[in-house]
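Data first, discussion second: the structure below is written as structure tokens.
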Amino acid sequence: MSQLNAPVLITGASQRVGLHCARRLLQDGQRVIASYRSERSGIRELQQLGATVLHADFSSEAGIQTFITELHASTDSLRAIVHNASAWLPEQDADPAETFRQLFSVHMLAPYLINLQCADLLRQSTPADIVHISDDVVRKGSSRHMAYCASKAGMENLTLSFAARLAPQIKVNAIAPALVQFHANDTAEYRQAALAKSALGIEPGAEVIYQSLRYLLDNPYVTGTTLTVNGGRHLK
């Protein structure tokens, strides 16, 4: 099947990086299926641009399975799956087990089950890809976001396992970004400190993640790799 006829699934596409990548794919003539947990203006925009949108709650196995069923009902093929859905939760002294469970479900269980149960859709397209969006913080960990880092590290390990399992028909890679765009309410002090953590010292914006995604989708000889997009943070 033509790669443009088979849609790309992007999870967590209602805002920021996911929304930008979905927009750019649509601009390139690529069909897109976008999942969202909270309905935002970005989802309405994607619908107007021609994307198929599906609600998804990845915080539980039941929610993941419901999404997989709806996905199969929506398409008979996929060009790629981009696992962008993410949760950012600090450690909770009151209920740390629940924090870990939620992050594990979003960052590991959802990609694991979707990859296993939707590989048949990917096999209808040539080429076919899975891309996990991890996080550069996995390199060093975080005392304030231990469960987040552990679950993102698990996602990167899933990249290796699925790359071996699904080769040669399906390539599986990951992208590990550091901060690429600020939030509107970030203070000047925070921005200055964050920029100082990288060698390049810039806020590049979401386009660098789309460029990285495009590279992985277009390159026929890369699988089982995590592409670091961190502005040289490992050099500081």
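Out of the GluC sites (Glu not before Pro) in the range 1-72, which ones are loop residues according to DSSP with at most 13 other C-beta atoms within 10 Å?
In loop regions of the range 1-72 (DSSP not H, G, I, E or B), the sparsely surrounded GluC sites (Glu not before Pro) are Glu39.
Which aspartates and glutamates, if any, have their Cα less than 20 Å from the Cα of Lys236, not counting same-chain residues under 8 positions apart?
Asp135, Asp136, Glu189, Glu203
Arrange Glu98, Glu203 by Cβ neighbour counts within 10 Å, fewest through most, would you?
Working: Glu98 12, Glu203 15.
Going from least to most buried by this count: Glu98, Glu203.
Treating cross-link reach as a plain straight distance, find the lysines whose alpha-carbon is under 24 Å from the alpha-carbon of Lys171, omitting any fewer than eight places away in the same chain.
Lys152
At 0.36 nm per residue, and after removing the present C-alpha to C-alpha distance, how many nm does the segment from His234 to Lys197 gain when stretched out fully?
Values: separation 37, 0.36 × 37 = 13.32 nm, distance 0.90 nm.
So the chain would gain 12.4 nm between His234 and Lys197.
List Tyr148, Tyr221, Tyr215 from most exposed to least, where exposure is judged by having the fewest other Cβ atoms within 10 Å. Could you put the intermediate results ahead of the total?
Numbers: Tyr148 25, Tyr221 5, Tyr215 13.
Placing the least packed residue first, the sequence is Tyr221, Tyr215, Tyr148.
For Leu227, list long-range residues whose amide hydrogen, built 1.01 Å from N in the peptide plane, is under 5 Å from its own amide hydrogen.
Residues meeting the amide H criterion: Ala174, Ile175, Ala176.
Using only DSSP helix segments of four residues or longer, with each worth -39500 (n - 2.57), what per-residue ellipticity at 222 nm results for the chain after dividing by its residue count and rounding to 500? Show your work: numbers first, answer last.
Numbers: 8 runs with 98 residues, N = 236.
My calculation for the chain gives -13000 deg cm²/dmol from helical runs alone.
Sequence gap at least 6, Cα distance under 8 Å: using those rules, report the relative contact order of the range 1-119 to the nearest whole percent. Numbers along the way, then the final one.
Details: 180 pairs, mean separation 32.0, N = 119.
In percent, rounded to a whole number, it is 27.
With the cut-off at 1.5 for a/c, could you classify the range 85-236 from its C-alpha gyration tensor as rounded, prolate or oblate?
Values: a/c = 2.31, a/b = 1.33, b/c = 1.74.
Taking the square roots of the gyration eigenvalues as a ≥ b ≥ c, the range 85-236 is oblate.
Mind checking the dipole of the chain: about its Cα centre, +1 per Lys or Arg Cβ, -1 per Asp or Glu Cβ, Debye to the nearest 20?
On the way: 21 positive and 21 negative charges, 113 e Å.
Computed about the Cα centre, the dipole is about 540 debye.
Multiply the residue gap between Gln211 and Gln181 by 0.36 nm, knock off their C-alpha separation, and tell me the result in nm, one decimal place. Display every interim value, and only then the final one.
Values: separation 30, 0.36 × 30 = 10.80 nm, distance 1.49 nm.
This chain segment gains 9.3 nm when fully extended.
Can you check what the net charge comes to around Ile133, using other residues whose Cβ is under 12 Å from the Cβ of Ile133 (Lys, Arg +1; Asp, Glu -1)? Please list the in-between numbers first.
Values: positive: Arg16, Lys152; negative: Asp135, Asp136, Glu156.
Here the count lands on -1.
All of the numbers you see were taken from the coordinates with simple rules; none came from a lab. Predicted model only: the values in this text are computed from it and were never measured. Note: ideal-geometry Cβ built from the backbone for every residue, glycine included; neighbour counts use all protein chains shown.
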